[in-house]
Amino acid sequence: MRTERSNVLKVSDLHVQVQTKDGASTLVQDINFELEKGKVLGLVGESGSGKTVTSMSILQLLDRKTTTIEGSITLQGRELNGLDDKEIREIRGKDIAFIMQNPMNSFTPVFTIGNQFIETIRSHTSLNKKQAKELAIDAMQNVNLPDPAKLLKSFPFQLSGGMLQRVMIAMAACLHPSVIIADEPTTALDVHNQLQVLRHLDKIRAEYGTAILLISHDLGVISEMADDVVVMQHGRIVETANVFELFDNPQHEYTKKLLNARLILNHEEPITYML
Amino acid sequence: MSLLQVKAVTHSYNSHTFFKWKDHSKKVLTDISLSIDEGTCLGLLGTSGAGKSTLGKVILGLERPQQGQVLFQGHDIYTADKLIRQKIRRDLQVVFQDSYSSVNPRMTAEHIIGEPLENYEKLTVAEQKRTVIELLERVGLSEKDLKKYPHQFSGGQLQRINIARAISLKPLLIVLDESVSSLDMVNQTLILELLNELKKDFGLSYLFITHDIKAAYSISDTLGVLEKGELIELYDSKTQFFSSEHPVVKQMRGSILAEHPRFRSLPTRINKT
């Protein structure tokens with residue numbers, strides 16, 4: 001079904017410009033990275049550094065009238081940049097799943113969870129409604145959601161943020177995509193849910209060999225999850241390194257600044273020993 | 001004397017349904033007592049739905065508790081005279097989590113920060129503008145931002161404007177309800193540093209409501225843990241948080257994310273180099 005190339009997603013020379021009243025303005029430039037099967041690539045940078053623009057341009061979600069995307073984005077050898085709406089829609093959700101920062105805003109409030117979940121499954125597969133429902137329940141059980149059948153009948157606003165984010169992960173994972181783009185998946189959640197969501201993401205990675213592009217400004221999330229890290233500033237990549245290398249021996253000034261901005265708990269023993 | 005005292009506050013929300021014979025009230029705060037001294041910061045930790053924000057609202061005078069008292073400098077904020085309450089409203093400021101919904105989208109930054117000054121201080125137009133510029137610079141923005149509207153700012157910048165508005169009247173206590181949670185790390189650290197400076201300069205006190213243990217730890221002097229509407233732990237010194245044996249606190253400690261990949265806790269990610 002899927003080719004066994006180690007590079008699932010390759011972004012080269014990505015350059016995104018937006019047309020404004022005052023002429024073209026560059027959002028990101030010279031973006032190069034590769035995403036390997038079963039690996040987690042962390043994308044770090046402060047707000048406004050171009051992290052989300054990069055992920056949106058991979059999925060061609062930016063407004064084509066006002067933005068121009070140059071460069072090449074290949075998913076298993078297939079060029080994504082410039083695909084028309086119909087073709088890219090087949091890829092979104094199936095081959096590349098997208099987990100957004102704010103789970104509350106990512107669902108339509110007027111339809112039930114089940115409605116939206118089953119629609120996603122059915123638009124990408126030939127399953128009938130009953131089979132799709134079974135698949136949905138199965139996927140929700142995998143992320144430890146209690147009583148999935150009941151949840152499918154509830155509306156998004158009836159669920160807490162942490163639960164909705166898990167529903168979104170279940171939706172993202174149930175079609176076994178080759179890439180998951182997780183844009184700040186835990187930022188809106190409290191500490192306890194944060195670790196839970198990361199656990200589920202990692203479980204999906206381990207089970208299906210999904211590659212994850214993990215976008216976060218939280219170096220805690222990055223240090224828990226990432227294999228390699230790309231550091232962005234002002235729309236450019238300033239450093240790419242293995243996560244251990246990056247934390248032990250940061251090269252770029254900006255990376256050092258980010259690492260210094262971490263809030264460190266000053267007490268005797270490292271926190272993780274207390275688990 | 002403590003600046004703020006909360007005495008045995010109990011509060012519940014009633015959901016109004018068509019059929020009234022059922023009791024639909026939901027208890028959100030149970031017998032909460034705490035105090036904040038002048039120039040100190042109380043960090044209030046808790047998971048979502050624990051009642052942190054409700055307690056913040058009760059302290060701000062926005063939600064009258066069903067039982068108990070909130071004393072600010074010895075005055076009950078719900079029953080004091082009108083003049084005293086006016087003074088309390090000046091001395092008690094708030095910064096919320098969602099920076100966009102805490103400002104009027106039709107106002108410029110100058111107007112947003114200037115509004116409390118207009119209400120409480122008798123300044124000339126030029127003086128007020130100068131004060132607003134000083135406040136903007138104090139929170140790391142500049143004169144250029146005066147005429148901008150909220151949608152032209154990033155979340156972090158807008159939160160700075162909210163802080164500038166809160167400190168504009170030199171209050172005594174600021175309730176910070178998840179104020180740094182939506183910011184990125186660099187901005188978070190900068191805002192926490194700013195808050196620490198302001199605390200020293202003006203002798204400010206904070207009630208720092210958050211779910212972020214690291215942020216609470218870095219700014220607080222005393223620390224409380226709220227769980228399901230009950231204040232389960234209250235520490236005079238924040239380091240006690242790490243020696244507590246309470247199961248909820250233990251679970252909280254367990255979910256702190258690693259500071260370095262060496263300390264990661266996800267089982268399948270360990271030993272991956």
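Just so you know, all these numbers are worked out from the coordinates, no wet-lab data involved. In this text the structure is predicted, and so the values were computed from the model without any measurement. Positions of Cβ are generated from backbone atoms using ideal geometry, with glycine treated the same way; all protein chains shown enter the neighbour counts.
Taking a ≥ b ≥ c as the square roots of the eigenvalues of the alpha carbon gyration tensor, chain B is oblate, as a/c is not under 1.5 and a/b does not beat b/c.
Dipole magnitude for segment A:1-146: about 520 debye, using +1 per Lys or Arg Cβ and -1 per Asp or Glu Cβ, origin at the Cα centre.
Highest mean packing first, where packing is the average number of other Cβ atoms within 10 Å per residue, the peptides A:194-201, A:62-69 line up as A:194-201, A:62-69.
On a C-alpha basis, how far is the centre of segment A:100-120 from the centre of segment B:221-249 in Å? Whole number, if you could? Centre-to-centre distance over Cα atoms comes out at 36 Å.
Full extension of the chain between B:Tyr13 and B:Asp31 gives 5.0 nm of extra length, using 0.36 nm per residue less the Cα-Cα distance.
Using a simple spin-label model with pseudo-atoms 7 Å out from Cα toward Cβ, A:Lys153 and A:Lys130 lie 1.9 nm apart. Seen from B:Thr40, the other residues with C-beta closer than 10 Å to its C-beta sum to a net charge of -2, counting Lys and Arg as +1 and Asp and Glu as -1.
Springs between Cα atoms under 10 Å define the GNM used for chain A, and in it the highest mean-square fluctuation of A:Gly220, A:Gly114, A:Gly162 occurs at A:Gly220. Spin-label model, B:His111 to A:Asp248: label points 7 Å out along the Cα-to-beta-carbon direction sit 5.6 nm apart. Around the Cα centre of chain A, unit charges on the Cβ atoms of Lys, Arg, Asp and Glu (plus for the first two, minus for the last two) sum to a dipole of about 1080 debye. In percent, rounded to a whole number, the relative contact order of segment A:142-249 is 20, using alpha-carbon pairs under 8 Å and six or more apart. Within the set A:Lys39/B:Lys238; B:Lys87/B:Lys200; B:Lys144/B:Lys170; A:Lys130/B:Lys26; A:Lys21/A:Lys51; A:Lys39/B:Lys214, which residue pairs have Cα atoms separated by over 31 Å? Correct reply: A:Lys39/B:Lys238; A:Lys130/B:Lys26.
Each residue, A:Ala206 and A:Ser12, gets one label point 7 Å from its Cα in the Cβ direction; the gap between the two is 3.5 nm.
Loop-located trypsin sites (Lys or Arg not before Pro) in segment B:118-210 (DSSP state other than H, G, I, E, B) with a sparse environment of at most 11 neighbouring Cβ atoms within 10 Å: B:Lys122.
Is the shape of chain A best called rounded, prolate or oblate, per the rule: a/c under 1.5 gives rounded, else a/b larger than b/c gives prolate, else oblate, with a ≥ b ≥ c the square roots of the Cα gyration tensor eigenvalues? Could the numbers behind the result be given before it?
Values: a/c = 1.66, a/b = 1.16, b/c = 1.44.
In terms of gyration-tensor shape, oblate.
When the helices of the protein assembly as shown are scored as -39500 (n - 2.57) per DSSP H run of n ≥ 4 and the total is divided over every residue, the value at 222 nm lands at -10500 deg cm²/dmol. Of the trypsin sites (Lys or Arg not before Pro) found in segment A:138-192, those in coil by DSSP whose Cβ has at most 13 other Cβ atoms within 10 Å are A:Lys153. Among A:Phe98, A:Phe33, A:Phe111, the largest mean-square fluctuation in a Gaussian network model of chain A (Cα springs under 10 Å) belongs to A:Phe111. Around the Cα centre of the protein assembly as shown, unit charges on the Cβ atoms of Lys, Arg, Asp and Glu (plus for the first two, minus for the last two) sum to a dipole of about 1520 debye.
Treating r as the C-beta distance of A:Arg122 and A:Thr68 and R0 as 30 Å, the FRET efficiency rounds to 0.30.
Taking a ≥ b ≥ c as the square roots of the Cα gyration tensor eigenvalues, with a/c under 1.5 meaning rounded and otherwise prolate when a/b beats b/c, else oblate, which class fits segment B:39-161? Walk me through the intermediate numbers first.
Working: a/c = 2.41, a/b = 1.46, b/c = 1.65.
Taking the square roots of the gyration eigenvalues as a ≥ b ≥ c, segment B:39-161 is oblate.
The longest part of chain B holding none of the exposed loop chymotrypsin sites (Phe, Trp or Tyr not before Pro), meaning those outside H, G, I, E and B in DSSP with at most 11 other Cβ atoms within 10 Å, is B:22-273.
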